[in-house]
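For reference, the structure is listed below as structure tokens.
No lab work stands behind these numbers, since they all come straight from the coordinates. Bear in mind the structure is a predicted one, so any value in this text is a computation, not a measurement. Using ideal geometry, Cβ is built from the backbone for each residue, glycine included, and neighbour counts are taken over all protein chains shown.
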Amino acid sequence: MAAGSIIEVENLRRVFRIDRMARREAGKELIALDDVSLRVQPGEIFGLLGPNGAGKTTLIRILCTLLAPTAGRAAIDGLDVVKDTARVRRLINMVSGGETCGYGILTARENLRLFTELYGIPWRVARPRVEYMLKVVGLEKKQSVRTNKLSSGMRQRLNFARGFINHPRVLFLDEPTIGLDVHSARQVRSFIKMWVSQHRDSAILLTTHYMFEAEELCDHVAIIDQGRLQACDTPAELKKSVQKQTTLELTIYGLEPLPESWHTLSGVIKLVARQDHVSQMTHLNAVCTSPEVSGELIRTVATDGRRLLDLRTVQPTLEDVFINLTGRSLTEVEMLPDIS
Amino acid sequence: MDKVRYFIRVVIARAYVRVIGAQRELSWVIGDTLLPFLSVSAFVLVYRAMKAPPEYTGFVVLGGLLMTFWLHMIWTMAMQLFWEKEMGNLARYLMTPLSRPALLLGMALGGIIMTSSRAMIIYLASRLVFNMRFQVDEPWMAVGIFIVTLAALYGMGMTLSSLFFMAGRGVLYGMQLFYEPVFFLGGFYFPVRQLGMILATAAAALIPTTLGLDALRQTMLGAYRTGLLRPSVELAILTAMAIMFITISIIAVHRMEELGRRYGKLVLKEQ
Ligand SMILES: Nc1ncnc2c1ncn2[C@@H]1O[C@H](COP(=O)(O)OP(=O)(O)OP(=O)(O)O)[C@@H](O)[C@H]1O
Ligand SMILES: [Mg+2]
């Protein structure tokens, strides 16, 4: 393995046996991670992008020593997460967004202190950290309020603060901004960036469903789907892979399903539809061989008697990279009921 | 040395949560003391109506006191890891390098401190209402028995905590079945000897409070002398039980973690 990587994952695999709870499927196996290899360097923010059930959280849990891999190997700063758990645990911390931490009966400050104690950090060292983090997440004035009296967003920010109190070499953030208001989410993102720039020997591995978040924050992005690593590169390089094509976005009135013939139009590589039930519109994402295909598309929409509300060329995003790799949209997958 | 300091730090930190929690939610204290006190009162009145000797008041009060510890152990301590998982804290704990037994010990210690304050209220109320007095011949013996009983009881609680965790949700229902027989076998309100020697021995072998209670009654109630075994023998057995349970609890918590990691049960799936 290359020297210097702070996270090394090699051919990692995790299989879950579906247990009694789901009787119909009992005994079957579910492959949550399938032969995943990746590497993260110190000083970088590494993003895991993928739809629900892709295996992102599973990967993080293995790296956090909370779950054993079925096969393969993973290491933090050269220490094996299975054999060297005790030493790995000194180097890491993890926050999953949408969650709160500690006990409602304790104040915000007491909860953070509790966790510094659990890491064995003496209060004289921990105190400035706790005070700093309370400031960072905007809970300075609320620090003496019991956490069960805080709003859920505030509790979530408190949980985010917890992630930094042991100055981890590797911090795992599982959907850190989910459920936060726009302003708080922005603050969280800018703190993540600042923290890594100040701790060049540390790294952050984060998962997100928000493409722009991955683009904005991450030095490298791994796209995973159904437990498999589809691609891993810088956001710019990933987008280059789809730049040979043109992505058109069409908005059509109504929610009727698309005729099969649309998918086979010449020049259209991939067509993904997303229905917006609120506005009663269908958004089409068409990956095409060239911009000229737009004419053909407009004609087809009109011939089928549908109303075209908007058509534009879009700059490729990581979403397009995902569509290109898997044939599905990240958001589309999310809206489907869980059939697995 | 650093390891020892870290261990103690974790114990205190986790115990603190309980203690501070109890202080902040005074209504719990009242709820948790009122009911046991009422049931103690009921039995005191029954024994008085039966014209039982006066030491039976102390007998019932001691039973009530140990019962609060037993109830706390079985409903809170034994369920602790299970609830911590439900609340999402367990993963946070296990991902740190903290000593697992220290975490359990912190939970136990916090529970003991909190429950002791409740037991104290029941004791004071009984003194006031029934003019009850303990009559302790050998105070050190009594203190020793009390401490060792709690060690055995909470050692059992720490062990059950890992076992119940592994058993999962089913335990919540199983507990209901467990509840009544233990009440009976515990001998909280009648001399265990009345169960007959075989049942009494079985109860004493399974439930640390049974033996502890029997020993405390023999040392704290003056004239009362209908114990199962001599207090010193009971103390020795309790000590062995404490050592055994604490040892098993250490093995069990590590085993629980290992199996949990293997089968993906340490964290709720959705979290
Ligand atoms: N403890 C578990 N037991 C059984 N199956 C599990 C367990 N944890 C995860 N899975 C399954 O493994 C697959 C991957 O789940 P995982 O939580 O890693 O996905 P994810 O990428 O984090 O998804 P999301 O975006 O919804 O958070 C899913 O099908 C999930 O149901
Ligand atoms: Mg997840």
For the stretch A:83-228, what class follows from the C-alpha gyration tensor (a ≥ b ≥ c being the square roots of its eigenvalues): rounded when a/c is under 1.5, otherwise prolate if a/b is larger than b/c, else oblate?
-> oblate
Debye log10 I(q)/I(0) at q = 0.08, 0.10 Å⁻¹ for the protein assembly as shown, Cα point scatterers = -0.70, -0.94
The size of the Cβ-based charge dipole (Lys, Arg +1; Asp, Glu -1) of the protein assembly as shown about the Cα centre, to the nearest 20 debye, is 2060 debye
Under 16 Å Cα-Cα from A:Lys135, which aspartates and glutamates qualify once same-chain neighbours fewer than 8 residues away are excluded?
-> A:Glu110
HN-Hα J in Hz across the stretch B:88-99 - Karplus 6.51, -1.76, 1.60, θ = phi - 60°, x for Gly and Pro = x, 7, 4, 4, 4, 5, 6, 7, 8, x, 5, 6
Dividing the helical contributions, -39500 (n - 2.57) per DSSP H run of n ≥ 4, by the residues of chain A yields a 222 nm value, nearest 500 deg cm²/dmol, of -9500 deg cm²/dmol
If Lys and Arg each add +1 and Asp and Glu each add -1, what is the summed charge of the other residues whose beta carbon sits under 15 Å from the beta carbon of B:Gly111?
-> 0
Dipole-positive endmost among A:Ala203, A:Ile252, A:Val40 within chain A (Cβ charges, Cα centre) = A:Ala203
C-alpha long axis of helix A:108-118 to longest principal axis of chain A, angle in ° | 70 degrees
Expected sort for A:Val321, A:Val95 with the fewest Cβ neighbours (10 Å cutoff) up front is A:Val95, A:Val321
Cα gyration tensor of chain A diagonalised, 5x eigenvalues square-rooted, in angstrom largest first, produces semi-axes 40, 24, 20
Cβ crowding within 10 Å averaged over residues, with B:230-238, B:77-85, A:42-50 ranked highest first | A:42-50, B:77-85, B:230-238
With +1 on each Lys and Arg Cβ and -1 on each Asp and Glu Cβ, how big is the dipole of the stretch B:2-263 about its Cα centre, in debye rounded to the nearest 20?
-> 320 debye
Which of A:Met133, A:Met94, A:Met194 moves most in a GNM of chain A, Cα contacts under 10 Å?
-> A:Met194
If you stretched the chain out fully between A:Ser266 and A:Ile18, how much longer would it get, using 0.36 nm times the residue separation minus the C-alpha to C-alpha distance?
-> 85.0 nm
Mean residue ellipticity (222 nm) of chain B, computed from DSSP H runs ≥ 4 via -39,500 (n - 2.57), nearest 500 = -26500 deg cm²/dmol
Full-stretch length increase - A:Glu10, A:Tyr253 - with 0.36 nm per residue and alpha-carbon distance subtracted | 82.7 nm
What full-extension length gain, to one decimal in nm, is calculated for B:Met120 and B:Leu206 as 0.36 nm per residue of separation minus the Cα-Cα distance?
-> 28.4 nm
Farthest towards the positive end of the dipole of the stretch B:2-263, among B:Ile237, B:Ile145, B:Pro97 and with Cβ unit charges of +1 on Lys and Arg and -1 on Asp and Glu, lies the Cα of B:Pro97
Pick from A:Asp201, A:Asp225, A:Asp77: which residue has the top mean-square fluctuation in a GNM of chain A where Cα pairs under 10 Å get a spring?
-> A:Asp201
How far apart, in nm, are two points set 7 Å out from the Cα along the Cα-to-Cβ line at B:Val46 and at B:Ile12?
-> 4.5 nm
Relative to the longest principal axis of chain B, what angle (0 to 90°, nearest 10) does the C-alpha long axis of helix B:139-167 take?
-> 40 degrees
Could I get the Rg over Rh figure for the stretch B:2-263? Both from C-alpha atoms, Rh via Kirkwood, rounded to two places.
-> 0.98
Chymotrypsin sites (Phe, Trp or Tyr not before Pro) in the stretch A:158-217 lying in a DSSP loop, each with at most 15 other Cβ atoms within 10 Å of its Cβ, come to none
